[in-house]
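See below for the structure under consideration.
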Amino acid sequence: MTGKHHPHKHRHTIAVLVDNEPGVLARVIGLFSGRGYNIESLTVAEVAARENLSRITIVTSGTAQIVEQIKAQLSRLVPVHKVVDLTKDGPAVERELALVKVVGIGEKRVESLRIADIFRARTVDATNESFVFEIVGRSDKIDAFINLMEPLGLVDVSRTGVVAIARGTQPL
Amino acid sequence: MSHDHDLNGAEILLKALTEQGVEVVFGYPGGAVLPIYDEIFKQNRLRHILVRHEQAAVHAAEGYARSTGKVGCVLVTSGPGSTNAVTGLLDAMLDSTPMVCLTGQVPTSLIGNDAFQEADTTGITRPCTKHNYLVKDVNDLARVVHEAFYVAKTGRPGPVVIDLPKDVMTAKGKYVGIGKVRHKSYIPKVKGDLERIEEAASLMASAKKPILYFGGGVINSGNAAIDLASKLVKLTGFPFTQTLMGLGSVPASNPQFLGMVGMHGTYEANLAMHGCDVMVCIGARFDDRVTGKTSAFSPHSKKIHIDIDPSSINKNIMVDVPIVGDVGHVLEDMIRVWKAKQLHVDEKALKSWWRTIDGWRSKDCLRYANSKKLIKPQYAIERLYELTKDRDPIIATEVGQHQMWAAQFAKFDVARHWLTSGGLGTMGFGLPAAMGAQVAFPDKLVVNIAGESSIQMNIQEMATLAQERLAVKIFILNNQYLGMVRQWQELLHGGRYAESHMDVHPDFVKLAEAYGAKGRRVDKPAELDAAIMEMIETPGAFILDVRTDASENVFPMIPAGAAHNEMLMGPEDEAENPSSEDGMVLV
Ligand SMILES: Cc1cc2nc3c(=O)[nH]c(=O)nc-3n(C[C@H](O)[C@H](O)[C@H](O)COP(=O)(O)OP(=O)(O)OC[C@H]3O[C@@H](n4cnc5c(N)ncnc54)[C@H](O)[C@@H]3O)c2cc1C
Ligand SMILES: Cc1ncc(C[n+]2csc(CCOP(=O)(O)OP(=O)(O)O)c2C)c(N)n1
Ligand SMILES: [Mg+2]
């Protein structure tokens, strides 16, 4: 390697407002896979039924130049109304929800409850030997929770992926 | 309002195409599009050109679009019809060519059932179109057609596919006119930011070693941009270069033209790009064929980039003054700002820059050793150019060495007279593209400069030429090789010519005759002029099979992965400059 330059990669959360029409998600995902961009998380749901708009939240990472490319490429898609880089354009709130199933009895069961309490996770289902916890927070908090549950009988995880919104008065 | 309901899908489609001003559609029928063909049969406003392969329909529409500036139109059937069109769609995408391609589809009730001749056309074409639509409701049809034309021709132009299930073509529905269609999310930015334009103008005025670098975007933008580009050249006195796609955007006969830039560009253009202090990139996209090794690309310059597509900016090369907008609009503002602020170029510095450039020019980098025995390919193009230039021909090419020699040795003083596959480099592009241009300009001389191998990729279109009485002239530089491949093997793979020689080729003269055209073979330099004149003067399509010196390579050449100042100038340089390992993996 002759002094190859490796510029820094950063994690960015990008919000994309799109027409809620067939194929729009395929366009976005195809763009990422076709151009070799990274998707860490992607969520999508309709947010304005009257205007028929959906909001996609994508967490990606790349150098500043790549992230600019990603935004420019997204904006180029015909059904895309708006692309906002929540990470770059100011403070934003990010949340993710996870459902976490833990199976066990005795001491482990008690310990899992104790930790759930510390993390403000809710118990949404229980049997004599299992719990399903619901936890909401930043992705790193959920990661930490899952890591702690691992030795306590973690058997299943379902995560929503990140949703995010800018702090303050401004809409997207 | 029941009278609004009495059109079927196929009628609505034709009405919308007519309202869009479509005069010609290139197509090929099949089961899924029979209702549309039935409608075409019943009218005589829309001319249908029946090609012999769907790929050729798309390239023909490209030739039509690029030579006229209008949107090309294609009609193919479902399944194999649409998959055959894919190469052409990607070609149009990479070369920013406006087109609407109508594809048949199985009835909506059968979609997803692996029905006969079903293909997921919108899925397959998503990455090779600017946008695509599947119309499931006949009442959306007219709107979608109008929207498709709007998307195809505005902003950065490109191909748009409309997939049309058969039942939608027979269902009855409402027509809506052009005026009612407005797009909510797709709004290209045409006006450039004035502050940036002012910044660019002052940077240009302060330049000591400037260069203008024009690309296909100038031609895409339209006649106003083409005129303004020449005005800018005149106003500044700056040297200028053009990409392969930009040839003709400013007349090649302009003395400030340094020739083409890039891998097979001229010595002076590439060294001027390398050594300049201000580069103004206008409607070009810093393609790898232009930049060579990006880390060594024009290392000491401030770069201004005018492009309508924000994703073209800072993609390959970081620039200092990005201006998002249409070339025509931005140049108009730029020239106005220049005059209003009474800006002047640095005459003294510019003079000295021109002296440096003239030094590079004196190397005469396109010089080649001519021969009395063998026809040199460069000589063949020179003669073709000299003998046809008064007729102002439209020149199409296939892909390979002959394409590069055409770019180097034919000179383009008019935009839209040069039709070549730049971004995708599609062998088989030239003949159908020439055909499309000839449809648009029936009385013009249209020449396809071809390789003996590329021409065989869409040779079946000879029959279309005959049927439509299109007098396309096919000028084959026949070196019996996949010449461009052979050149790379010579330079990069120790002369091991794996599968780049073809022992068997058709007799092109007989082939021409088999298709009802005329042909001639020529292998002596002394007979070349007469052969070219015969080709031009014989009515109808013609194949001139020019047997050339097979050992010739295209020079100058910047090997893949090398920098602009590491150019190979000719056979003498080959031995001394083995390509880098980094270069070996590049295309
Ligand atoms: C065998 C082979 C060898 C080649 N060698 C060379 C070579 O030596 N030199 C060379 O130059 N090329 C070469 N090419 C072609 C090369 O691959 C690219 O196709 C070409 O360089 C791209 O040209 P361009 O930059 O003008 O961009 P185009 O592909 O023409 O793109 C146009 C740009 O302008 C923008 N644009 C479009 N419309 C507008 C508008 N209205 N206003 C503003 N901007 C607009 C677009 O967004 C885009 O960025 C070669 C190709 C082949 C097949
Ligand atoms: C469809 C397609 N397949 C393969 C290639 C790779 N390729 C580029 S140039 C070339 C050789 C073209 O040969 P010919 O048409 O005889 O032109 P020459 O280079 O000899 O002038 C090939 C195979 C291509 N560009 N397009
Ligand atoms: Mg050849």
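The values are calculated or read from the model by the stated rules, or taken from the named source; none is laboratory data. What you see is a predicted model, and the numbers here were worked out from it, not measured in a lab. A quick note on method: Cβ atoms are made from the backbone with ideal geometry, for glycine too, and the neighbour counts reach across all protein chains shown.
Tabulated results
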read-out: Tally, over region B:493-521, of residues that are surrounded by fewer than 22 Cβ atoms within 10 Å (Cβ to Cβ) and within 14 Å of ligand 2 (Cβ to nearest atom); value: 10
read-out: Enumerated helices (runs of 4 or more DSSP H) restricted to region B:299-418, each holding at least 3 residues that are more than 14 Å from every other protein chain (Cβ to nearest Cβ) and within 16 Å of ligand 2 (Cβ to nearest atom); value: B:377-388, B:401-409
read-out: Segments classed as helices (runs of 4 or more DSSP H), wholly inside region B:1-87, with at least 2 members that are touching a Gly at 6+ places or on another chain (Cβ under 7 Å) and not β-branched (Val, Ile, Thr); value: B:9-19, B:54-68
read-out: Residue satisfying condition, being within 14 Å of ligand 1 (Cβ to nearest atom), among the aromatic types (Phe, Trp, Tyr) and at pLDDT 95 or above, within set B:PHE475, B:PHE412, B:PHE441; value: B:PHE412
read-out: Residue within region B:522-545 that is within 23 Å of B:MET427 (Cβ to Cβ), within 16 Å of ligand 2 (Cβ to nearest atom) and surrounded by fewer than 22 Cβ atoms within 10 Å (Cβ to Cβ) present; value: no
read-out: Close pairs (6 angstrom Cβ cut-off, 6 or more residues apart or separate chains): farther than 13 Å from B:ALA296 by Cβ and of a type in the set (Phe, Trp, Tyr) in region B:541-564, modelled with pLDDT of 95 or more and not in a loop (DSSP other than H, G, I, E, B) anywhere; value: B:PHE542/B:LYS473; B:PHE542/B:LYS518; B:PHE542/B:MET535
read-out: Subset of region A:75-99 (residues that are more than 9 Å from every other protein chain (Cβ to nearest Cβ), hydrophobic (A, V, I, L, M, F, W, C) and out of contact with any Ser or Thr (no Cβ under 8 Å at 6 or more places or on another chain)); value: A:VAL84, A:VAL93
read-out: Some residue of region B:97-107 being more than 33 Å from the chain's Cα centre (by Cα), over 30 Å from B:GLY216 (Cα atoms) and either among the hydrophobic types (A, V, I, L, M, F, W, C) or buried (at least 21 other Cβ atoms within 10 Å of the Cβ) (or both); value: no
read-out: Flag for B:VAL151 being at pLDDT 95 or above and in contact with a Lys or Arg (Cβ under 9 Å, 6 or more places away or on another chain); value: yes
read-out: Candidate set: region B:252-311, residues that are of a type in the set (Ser, Thr, Tyr), out of contact with any Gly (no Cβ under 7 Å at 6 or more places or on another chain) and within 10 Å of ligand 1 (Cβ to nearest atom); chosen: the one farthest from B:VAL327 (Cα to Cα); value: B:THR291
read-out: Residue among B:LYS153, B:LYS130 that alone is assigned by TED's automatic domain parsing to the domain that holds B:ILE40 and buried (at least 24 other Cβ atoms within 10 Å of the Cβ); value: B:LYS130
read-out: Residue match in region B:416-431 (condition: β-branched (Val, Ile, Thr) and surrounded by fewer than 23 Cβ atoms within 10 Å (Cβ to Cβ)); value: no
